[in-house]
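Data first, discussion second: the structure below is written as structure tokens.
The values are calculated or read from the model by the stated rules, or taken from the named source; none is laboratory data. Computed from a prediction, not measured in an experiment: that's the story for all the values here. Cβ coordinates were reconstructed from backbone atoms using ideal geometry, including for glycine residues, and neighbour counts include every protein chain displayed. To get the accessible areas, we keep the full protein, side chains included, count just its heavy atoms, and leave off ligands, DNA and RNA. Shrake-Rupley method; radii C 1.70, N 1.55, O 1.52, S 1.80 Å.
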Amino acid sequence: MRLDEFDFELPASAIAQRPVEPRDAARLLHVSGGLADHRADHRVRDLPGLLRPGDLMVFNDTKVIPARLRGSRGEASIEVTLHKEEGEGIWAAFARPAKRLKEGDAIGFADDLRAAVTAKRDAGEVVLDFQTTRNGLFAALEAHGRMPLPPYIKREKTGDDEDREDYQTMFAARDRAEAPPTARQHITPGQMERMAEAGIDYQNQKLHVGAGTFLPVKADDTDDHVMHGEWGEVPPGAARRINEARAAGGRIVGVGTTVVRLLESAADGHGRIHPFDGETDLFITPGYEFKAVDLMLTNFHLPKSTLFMLVSAFAGTARMKAAYAHAVASGYRFYSYGDCCLLEPQS
């Protein structure tokens with residue numbers, strides 16, 4: 001499909017720069033199923049009334065690390081964003097400007113944090129060897145790193161301490177990801193209590209969202225775009241629980257595109273989820289037949305992004321363009337810190 005099929009007008013003012021407080025006060029656009037173009041405006045706190053007893057919400061409980069570092073090679077300033085762990089102290093990273101780097105270069109980030117460039121790859125990607133343990137590197141990142149905010153969220157180069165808290169969610173459990181599963185940022189402890197009272201359960205899984213999530217699609221045709229792989233895990237107990245909920249008549253609600261990609265990667269042709277531990281580079285575009293997810297809760301995404309392609313595959317490109325036009329006209333806030341939508345599949 002041509003990339004321009006996923007384009008739409010989005011004013012810069014619509015991209016949220018901070019989350020709303022409280023989180024469940026964020027707006028929610030419900031795009032219901034069927035052939036009719038039906039939309040309804042809600043708040044996230046209304047979500048228990050939009051789901052059914054027996055439904056199972058599936059969350060991603062990965063934790064974002066402060067993966068962005070500023071350093072120098074000689075007189076040249078370098079910024080890197082770590083996005084994939086490839087060994088003990090060894091990470092693939094996106095570097096800016098990558099053209100200033102070559103294999104063998106040393107980058108200094110702080111007195112106690114340096115890395116050697118061991119390889120250069122396409123699209124500004126390099127491999128860095130920090131020559132330290134995993135725990136040692138994570139401690140150094142906590143001291144010197146910044147949260148890897150997408151370029152659409154504007155901050156000073158020194159970063160912003162508030163983002164250390166804001167760019168996480170209540171489910172964050174283990175260091176690894178370089179970007180958050182943003183749809184779950186709206187869910188609060190009080191919201192989970194109301195879900196339980198309504199007979200709606202939840203299950204955690206893990207997909208470590210890489211910085212490649214933010215890379216623009218540069219190919220004119222989606223067939224020519226290559227997705228970066230991201231590591232995910234669906235433990236046996238989680239797979240069993242998801243299958244049992246569906247067999248009992250409950251719907252599986254994927255909270256975020258990361259959950260949807262991982263569940264679809266773990267599903268067989270009949271929609272049954274199997275334990276999964278590995279990388280997925282699944283690229284979902286219109287025409288894909290969903291097997292594992294019945295509803296999707298997700299934020300509003302950017303034009304021409306792989307994420308907008310995924311929601312268009314789920315709910316229909318024309319319906320999503322109409323829904324997004326309504327959202328823009330109604331003042332919804334887009335992207336990582338923005339509002340969200342509850343999508344039903346197109347019949």
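Each distinct pair of alpha carbons in segment 190-347 adds a 1/r term; the inverse of their mean, the Kirkwood radius, is 16.5 Å.
Explain nothing, just the number: dipole magnitude of segment 2-100 about its Cα centre with +1 on each Lys and Arg Cβ and -1 on each Asp and Glu Cβ, in debye rounded to the nearest 20. Before the final figure, lay out each step's value.
Numbers: 16 positive and 16 negative charges, 83 e Å.
Dipole magnitude for segment 2-100 comes out near 400 debye.
Ordering of 8-17, 108-117 by packing is 108-117, 8-17, highest average first (other Cβ atoms within 10 Å, averaged per residue).
Helix 257-266 axis versus longest C-alpha principal axis of the chain: approximately 80°, rounded to the nearest ten.
Over the chain, what is the relative contact order in whole percent, taking alpha-carbon pairs under 8 Å and six or more residues apart? Provide the component values of the computation, followed by the final result.
Values: 743 pairs, mean separation 88.5, N = 347.
Normalised by residue count, the contact order of the chain is 25 percent.
Return the tail of the calculated pair distribution for the chain, meaning the percent of Cα-Cα pairs more than 33 Å apart. Walk me through the numbers on the way to the answer.
On the way: 16157 of 60031 pairs.
Result for the distance tail: 27 percent.
Averaged per residue, what accessible area in Å² does the chain show with a 1.4 Å probe, protein chains only?
Value for the chain: 43 Å² per residue.
Compared with the dominant principal axis of the Cα atoms in the chain, helix 306-315 is inclined by about 10°. Partners of Lys321 within straight-line reach, counting aspartates and glutamates whose Cα lies under 12 Å from its Cα and excluding those fewer than 8 residues away in the same chain: Glu5, Asp7, Glu9, Asp37.
Helix 317-329 and the long axis of the chain differ in direction by around 80°, with both axes built from C-alpha atoms.
Placing unit charges on each Cβ (+1 for Lys and Arg, -1 for Asp and Glu) gives the chain a dipole about its Cα centre, and among Gln131, Leu113, Gly54 the Cα reaching farthest toward its positive end belongs to Gly54.
Cα centroid separation, segment 292-347 to segment 62-83: 31 Å. For the chain, the share of DSSP beta bridges that are antiparallel, to the nearest 5, is 70%.
Dividing the C-alpha radius of gyration of segment 31-77 by 2.2 N^0.38 Å, with N its residue count, gives 2.30.
Once you treat every alpha carbon in segment 1-102 as an equal point and sum by Debye, what is log10 I(q)/I(0) at q = 0.11, 0.12, 0.16 Å⁻¹? Values, matching the q order: -0.73, -0.84, -1.08.
Overall, the accessible surface of segment 217-333 at a probe of 1.4 angstrom is composed of carbon and sulfur to the extent of 49 percent. Net charge of the neighbourhood of Gly89, taken over other residues with C-beta under 12 Å away and scored Lys/Arg +1, Asp/Glu -1, is -2.
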